[in-house]
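The values are calculated or read from the model by the stated rules, or taken from the named source; none is laboratory data. Keep in mind that what you see is a predicted model, and the values were worked out from it rather than measured. Positions of Cβ are backbone-derived with ideal geometry, glycine not excepted, and every protein chain shown enters the neighbour counts. Keep in mind that these areas ignore ligands, DNA and RNA; they rest on the heavy atoms of the full protein, side chains included. Shrake-Rupley method; radii C 1.70, N 1.55, O 1.52, S 1.80 Å.
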Amino acid sequence: MWDKKAKKKIGDRVLRPESLMMSYGYRPEWSEWAVKAPIFATSTFVFESAQAGKDFFAKAYGLVESTPDEEMGLIYSRLNNPSLEILEDRLTLWDGAEASAVFESGMAAISTTALSYLRPGDLVVISEPCYGGTEYLFHEILPQFDIQVECFRSSEGVEALNRTLDVEDRRERLRMIYVETPSNPTNDLVDIQGCARVARECSSEDRRVLLAVDNTFLGPVFSQPLKHGADLVIYSLTKYVGGHSDLIAGAVLGPSDLMDQIKGTRTFLGNMAGPFTGFLLMRSLETLKLRMEAEARGAMVLADFLADHPKVKTVSYLGHLKEGDPRHDIFKRQCTGPGSMIAFEVKGGEEEAFRFLNALKLIKLAVSLGGTESLAEHPGAMTHSDIPLEDQEKIGITPAMCRISVGVEDPQDLVADVSQALDHI
Ligand SMILES: Cc1ncc(COP(=O)(O)O)c(C=O)c1O
């Protein structure tokens, strides 16, 4: 078998993920020496013999023991497909994960994680705010399956998580802590190590409490939660990893034992990504670091401009955290860059925010984020509109708030656009 690990090194030097994104997990001799892995547009795979088919199924369905490095034979594209397997191998390199699973969307990754590990009577505690779709899944869908969902304010830290747990028998029923850091849209940070400690404290011999972290805003380039004690890391690959606003996908990464269960659930929920999405994501991974770094440089320029503008009330941007702010400590510990998401409040309310958004010329008025083009939106009226108004305010989403995802345009062109749009207020 091809030894993948050998390919990660030259002599003693362990190669950086960005150096491996063009080649890792694929050998040109498999496909007529094509430098790029082709799109394996096939629903099913031919078995060499009936016995080979039987052996592949036995392994896929866990009927026989397999060694950690053993590859699963190719069966059917709802279970596995080379375009997705190569992608999953490459994704693991950034986070230092043992395994990864790719899905048809970020929401599919989140819901499959929840359905893999939560059972009636269990408690899951989530940080707030989270992406609106995640909030809806946890607060509206999971309780229908008798799963109790409680929350804590990200900005109030691990003390708030502990307060939420210090009620009745919640610690005994806790099964998962679900955290989004930085949070969408407010850029709050949650202390991953602190949450991991709580998860370990609440675990018992027969009930391991899992810490799942949505790393969409900074990862995998500027943040790797598994290195800080998270059990599972989740992505909307639609955002930075896809990076071109031309696909929808998601991923979960973690240790092989946890990922086996998630991949098993994925097989039967049937929400595996397709081979063309896999191909697009591999194209994207080649430039991931370049894009995220360029976008972060642009965001710094734009955030500085916004912070000094007389029509702007507040700016929430990780690059502005100051020494002494508890969030700054978390930032230094678990992030290597501030990323390129900016939330800010204009002076006034929804009307003033809408006037600004309607006047943008270069920046597109659209939801989503992490693409090469800058996008602006109004969280309260758009991505987070399914959260009741009074709850929005409690978690820091106000009618005057706009969110910008900074792309790769010239930063001064973005400043010019934002400047003229603010003049319309
Ligand atoms: C932080 C975060 N997580 C998850 C999702 C859901 O991802 P998807 O739209 O790919 O299903 C989003 C979408 O905006 C998001 O911002």
Response to the item:
Within the range 368-425, restricting to residues that are open to solvent by 20 Å² or more (accessible area, probe 1.4 Å) and among the hydroxyl-bearing types (Ser, Thr, Tyr), the one that is farthest from residue 133 (Cα to Cα) is 419
Worksheet item: Restricted to the range 289-328, and to residues that are at pLDDT below 95 and assigned to a helix (DSSP H, G or I), which residue is surrounded by the fewest Cβ atoms within 10 Å (Cβ to Cβ)?
Response: 326
Response to the item:
Picking from 190, 198, 241, the residue that is under 24 Å from residue 340 (Cβ atoms) and out of contact with any Pro (no Cβ under 8 Å at 6 or more places or on another chain) would be 190
Discussion item. Checking residue 332 against (1) part of a loop (DSSP other than H, G, I, E, B); (2) free of Cβ contacts under 8 Å to residues at least 40 places away in the same chain; (3) under 28 Å from residue 222 (Cβ atoms), only one condition comes out false. Which one?
Written reply: (1)
Practice prompt. For residue 231, state whether it is in contact with a Gly (Cβ under 9 Å, 6 or more places away or on another chain) and more than 16 Å from the ligand (Cβ to nearest atom).
Written response: yes
Worksheet item: Taking interchain pairs and intrachain pairs at least six residues apart, which have beta carbon atoms under 6 angstrom, with the first residue in the range 100-114 and more than 11 Å from the ligand (Cβ to nearest atom) and the second open to solvent by less than 10 Å² (accessible area, probe 1.4 Å) and small (Gly, Ala, Ser)?
Response: 100/251; 102/251; 102/273; 113/212
Worksheet item: Looking at the range 175-228, which of the residues that are away from the ligand (no atom under 16 Å from the Cβ) and among the small types (Gly, Ala, Ser) is farthest from the chain's Cα centre (by Cα)?
Response: 204
Discussion item. So in the range 361-394, with the set limited to residues that are within 15 Å of the ligand (Cβ to nearest atom) and among the charged types (D, E, K, R), which one is farthest from residue 410 (Cα to Cα)?
Written reply: 386
Fill in: Residue list for the range 243-261, filter: touching a helix residue (DSSP H, G or I) at 6+ places or on another chain (Cβ under 9 Å) and within 16 Å of the ligand (Cβ to nearest atom)
243, 244, 246, 247, 248, 249, 250, 251, 252, 253
Response to the item:
Over the range 339-360, the set of residues away from the ligand (no atom under 16 Å from the Cβ) and surrounded by 22 or more Cβ atoms within 10 Å (Cβ to Cβ) is 344, 346, 353, 356
Practice prompt. Quick one: residue 243 ticks every box in (1) on the phi < 0 side of the Ramachandran plot; (2) buried (at least 22 other Cβ atoms within 10 Å of the Cβ) except a single one, so which number is it?
Written response: (1)
Worksheet, complete the sentence: Within the range 4-15, of all residues that are assigned to a loop (DSSP other than H, G, I, E, B) and farther than 14 Å from residue 86 by Cα, the one modelled with the highest pLDDT is 15
Practice prompt. Select the strands (runs of 3 or more DSSP E) contained entirely in the range 90-178, then report the ones holding at least 3 residues which are open to solvent by 20 Å² or more (accessible area, probe 1.4 Å).
Written response: 148-153
Response to the item:
Note on the range 179-191: residues crowded, with 24+ Cβ neighbours inside 10 Å and either without any contact (Cβ under 8 Å) to a residue 24 or more places away in the chain or of a type in the set (S, T, N, Q) (or both) are 181, 183, 184, 187
